[in-house]
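J.: Structure incoming, see below.
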Amino acid sequence: MAAETVVRARRAIVGGEERAVAVVVEGGRIAALESYDVPAGAAAVVELAADEVLLPGLVDTHVHVNEPGRTEWEGFASATRAAAAGGVTTIVDMPLNSIPPTTTLAALELKREAAAGQTWVDVGFWGGAVPGNTGDLAALHADGVLGFKCFLLDSGVEEFPHLAADDFAEAMAETARLGALMIVHAEDGEAVGECAHGAAYSGFLASRPDAAEERAIGLVVDTARATGGRAHVVHLSASGAVPALRQARAAGVDVSVETCPHYLFFEAGSIADGATELKCCPPIRDAGNRDALWSALSGGDIDMVVSDHSPCTAALKRQDTGDFADAWGGIASLQLGLPVVWTAARERGVPLVDVVRWMSTAPARRVGLAGKGEIAVGADADLCVFAPDASWTVDATLLHHKNPVSPYAGRTLTGTVRATWLRGAPIDLAAAPTGRLLRRTP
Ligand code: ZN
């Protein structure tokens, strides 16, 4: 690496609090944290502007890259450029929507081949648990996936079938044996109805009730308890499931939960007819539910906020007809997660330090990525320079993800990412990519 660098910030999020600091970088890692006032003797000194805060790079553990196989939806180059532009220095790629899905060692090797050399940020991988592949999980685990994803109802793509309750118990018994994390799309198929055709959001919302999440999360908790396995609920929307999760955790069940920027920003009552860019599963619910999600985050009952960046082509969003039954479900937001969550947090009086814990530290810790998610001695010097008071209006055509569809288009957000550093150097989207492919830290 180049000569020693010192990054000086009057405001930084370090060790769960905001303070002034001088970050000493050597060999891509944080070698020391000095007082801001100590004269820096380094070859290169970077001084943040007065309106900037230094954050650890964000860690987004829920990203659908879709390459290989559906690269026209999203690919490693475009997704990781979006990540870098949004202050995200590590993403973890979901095992489905690419073809083949990451359910075998051979498929994982194809993923790594597809990603190699074209990632602007670091990339880890989830394996997939599907009917009949329990025997593949140990090899995937040994090769460094960060855990396994499964569905408890139709995933939306035929090559990634869901697990029935008995298959789920079998898979979780194996992940428990391995000590691996099982992350679960928790909606109960029997509680989900047919979505009515048409442009009314209410028809889609009615087809995926709160009870679908609550029932499936009950199964996740019961199965984690019975197997002793480690479970994680992805993209929680229904706040009614929070008490059951809280009770399970209090009783020692190893279960964590995430929610997503769109559930914290939007609410069903303001979704316009035909706004299929907001179709996602589980759905965005009412304003009272959104308030309850914020309370659960602040109260520690929800651990983290990750994007569930799940793009597709513009045509598949069916913006021509606005028919919610026909549109693909998924929201692309990798580049916007921080300003979206911060915009809403700020209005609610939630401090930036909480946002950083939810979007960086907590996901890194839960998936076992040592050296990520914090500004600390020994950690990778992955940094985000954030201007929390700068407001700007989203132009979807300027976002880096592949298909310029965004429910945030035209919205004014507060907070902008001015620079993102990966292992001690600012990411330059005009230069060659420097991201690495990550394996689980043993
Ligand atoms: Zn997802």
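J.: So which residues in the range 285-334 are more than 16 Å from the ligand (Cβ to nearest atom), among the acidic types (Asp, Glu) and either in contact with a His (Cβ under 6 Å, 6 or more places away or on another chain) or on the phi > 0 side of the Ramachandran plot (or both), if there are any at all?
T.: Asp323
J.: Within the set of pairs 6+ apart or on separate chains, which have a first residue in the range 431-442 that is within 9 Å of Phe125 (Cβ to Cβ) and outside the structural domain of Leu108 (by TED's automatic domain parsing), a second that is part of a loop (DSSP other than H, G, I, E, B) and of a type in the set (Asp, Glu), and C-beta atoms under 9 Å apart?
T.: Correct list of pairs: Arg439/Asp143.
J.: Here's a follow-up. Has the range 260-267 got any residue that is touching a Pro at 6+ places or on another chain (Cβ under 7 Å), in a loop (DSSP other than H, G, I, E, B) and closer than 12 Å to Val305 by Cα?
T.: Looking through the range 260-267, none of the residues is touching a Pro at 6+ places or on another chain (Cβ under 7 Å), in a loop (DSSP other than H, G, I, E, B) and closer than 12 Å to Val305 by Cα.
J.: Sticking with this one: For the subset of the range 282-302 comprising residues that are buried (at least 22 other Cβ atoms within 10 Å of the Cβ) and not in a helix (DSSP H, G or I), which member is nearest to the chain's Cα centre (by Cα)?
T.: Per the stated criteria, the residue is Ile302.
J.: For a quick check of your reading of the model, give me the residue pairs whose first member lies in the range 55-79 and is more than 13 Å from Gly337 (Cβ to Cβ), whose second is open to solvent by 10 Å² or more (accessible area, probe 1.4 Å) and aromatic (Phe, Trp, Tyr), with beta-carbon atoms closer than 6 Å and at least 6 apart or on different chains.
T.: Asn66/Trp73
J.: I need a count of the residues in the range 348-374 that are assigned to a loop (DSSP other than H, G, I, E, B) and out of contact with any Asp or Glu (no Cβ under 7 Å at 6 or more places or on another chain).
T.: Narrowing the range 348-374 to residues assigned to a loop (DSSP other than H, G, I, E, B): 348-351, 368-374.
Pick out the ones that are also out of contact with any Asp or Glu (no Cβ under 7 Å at 6 or more places or on another chain) and you get 348-351, 368-370, 373-374.
Within the range 348-374, residues that are assigned to a loop (DSSP other than H, G, I, E, B) and out of contact with any Asp or Glu (no Cβ under 7 Å at 6 or more places or on another chain) number 9.
J.: Still on this structure: Condition test on Ala226, is it over 22 Å from Ser155 (Cβ atoms), in a loop (DSSP other than H, G, I, E, B), open to solvent by 10 Å² or more (accessible area, probe 1.4 Å) and more than 16 Å from the ligand (Cβ to nearest atom)? Reasoning before the result, please.
T.: Details: over 22 Å from Ser155 (Cβ atoms): yes; in a loop (DSSP other than H, G, I, E, B): no; open to solvent by 10 Å² or more (accessible area, probe 1.4 Å): yes; more than 16 Å from the ligand (Cβ to nearest atom): yes.
No: the conditions fail for Ala226.
J.: Filter the range 170-190 down to residues that are of a type in the set (A, V, I, L, M) and either part of a loop (DSSP other than H, G, I, E, B) or surrounded by fewer than 17 Cβ atoms within 10 Å (Cβ to Cβ) (or both), then give me how many there are.
T.: Initially, the range 170-190 is screened for residues of a type in the set (A, V, I, L, M), giving 171-173, 176, 178, 180-184, 186.
Then drop every residue that is not either part of a loop (DSSP other than H, G, I, E, B) or surrounded by fewer than 17 Cβ atoms within 10 Å (Cβ to Cβ) (or both), which leaves 173, 180, 186.
Within the range 170-190, residues that are of a type in the set (A, V, I, L, M) and either part of a loop (DSSP other than H, G, I, E, B) or surrounded by fewer than 17 Cβ atoms within 10 Å (Cβ to Cβ) (or both) number 3.
J.: Also, I was wondering about something else. Out of the range 404-416, which residues are modelled with pLDDT of 95 or more and open to solvent by less than 30 Å² (accessible area, probe 1.4 Å)?
T.: Residues satisfying the conditions are Pro407, Tyr408, Leu413, Thr414, Gly415.
J.: Those residues that are among the acidic types (Asp, Glu) and within 12 Å of the ligand (Cβ to nearest atom), I need them from the range 248-268; list them, please. First the steps, then the outcome.
T.: Restricting attention to the range 248-268, the residues satisfying the condition of being among the acidic types (Asp, Glu) are 254, 258, 267.
The answer is Glu258, and nothing else.
J.: Give the residue, chosen from Gly127, Gly144, that is at pLDDT 95 or above, open to solvent by less than 10 Å² (accessible area, probe 1.4 Å) and within 16 Å of the ligand (Cβ to nearest atom).
T.: Numbers: Gly144 fails: within 16 Å of the ligand (Cβ to nearest atom).
So the residue among Gly127, Gly144 that is at pLDDT 95 or above, open to solvent by less than 10 Å² (accessible area, probe 1.4 Å) and within 16 Å of the ligand (Cβ to nearest atom) is Gly127.
J.: Does Gly156 satisfy being more than 16 Å from the ligand (Cβ to nearest atom), at positive phi and touching a residue at least 12 places away in the same chain (Cβ under 8 Å)? Explain how you work it out, then say what you get.
T.: Values: more than 16 Å from the ligand (Cβ to nearest atom): no; at positive phi: yes; touching a residue at least 12 places away in the same chain (Cβ under 8 Å): yes.
No: the conditions fail for Gly156.
J.: Additional query: I need the full set of residues from the range 375-392 which are assigned to a loop (DSSP other than H, G, I, E, B) and either in contact with a Lys or Arg (Cβ under 7 Å, 6 or more places away or on another chain) or surrounded by fewer than 24 Cβ atoms within 10 Å (Cβ to Cβ) (or both), in order please. Show your work before the answer.
T.: Looking only at the range 375-392, we keep the residues that are assigned to a loop (DSSP other than H, G, I, E, B), and these are 375-379, 381-382.
Within the range 375-392, Ala376, Val377, Gly378, Ala379, Ala381, Asp382 meet the criteria.
J.: Further, regarding this structure: Within the group Leu236, Leu205, Leu219, Leu245, which residue is of a type in the set (A, V, I, L, M) and either surrounded by fewer than 16 Cβ atoms within 10 Å (Cβ to Cβ) or within 16 Å of the ligand (Cβ to nearest atom) (or both)? Step through it out loud before you land on a result.
T.: Working: Leu205 fails: either surrounded by fewer than 16 Cβ atoms within 10 Å (Cβ to Cβ) or within 16 Å of the ligand (Cβ to nearest atom) (or both); Leu219 fails: either surrounded by fewer than 16 Cβ atoms within 10 Å (Cβ to Cβ) or within 16 Å of the ligand (Cβ to nearest atom) (or both); Leu245 fails: either surrounded by fewer than 16 Cβ atoms within 10 Å (Cβ to Cβ) or within 16 Å of the ligand (Cβ to nearest atom) (or both).
Answer to the check: Leu236.
J.: Also, I was wondering about something else. Need the failing condition index for Gly135 against (1) open to solvent by 50 Å² or more (accessible area, probe 1.4 Å); (2) within 26 Å of Pro243 (Cα to Cα), just the number.
T.: (2)
J.: Which of the residues that make up the range 122-154 are among the aromatic types (Phe, Trp, Tyr) and either outside the structural domain of Phe76 (by TED's automatic domain parsing) or within 16 Å of the chain's Cα centre (by Cα) (or both)? Can you show your working first?
T.: Filtering the range 122-154 for residues among the aromatic types (Phe, Trp, Tyr) gives 125-126, 148, 151.
Scanning the range 122-154 gives Phe125, Trp126, Phe148.
J.: State which residue is nearest to the ligand (Cβ to nearest atom) when the search covers only the range 72-98 and only residues that are modelled with pLDDT under 95 and open to solvent by 10 Å² or more (accessible area, probe 1.4 Å).
T.: Trp73
J.: I would also like to ask the following. Does Ala268 count as in contact (Cβ under 8 Å) with a residue 40 or more places away in the chain and open to solvent by less than 40 Å² (accessible area, probe 1.4 Å)?
T.: Numbers: in contact (Cβ under 8 Å) with a residue 40 or more places away in the chain: yes; open to solvent by less than 40 Å² (accessible area, probe 1.4 Å): yes.
Yes, satisfied.
The values are calculated or read from the model by the stated rules, or taken from the named source; none is laboratory data. These numbers were taken from a predicted model, which means no experiment stands behind them. Every residue, glycine as well, gets a Cβ built from its backbone with ideal geometry; the counts of neighbours run over all protein chains shown. These accessible areas exclude ligands, DNA and RNA; they are computed on the full protein's heavy atoms, side chains included. Shrake-Rupley method; radii C 1.70, N 1.55, O 1.52, S 1.80 Å.
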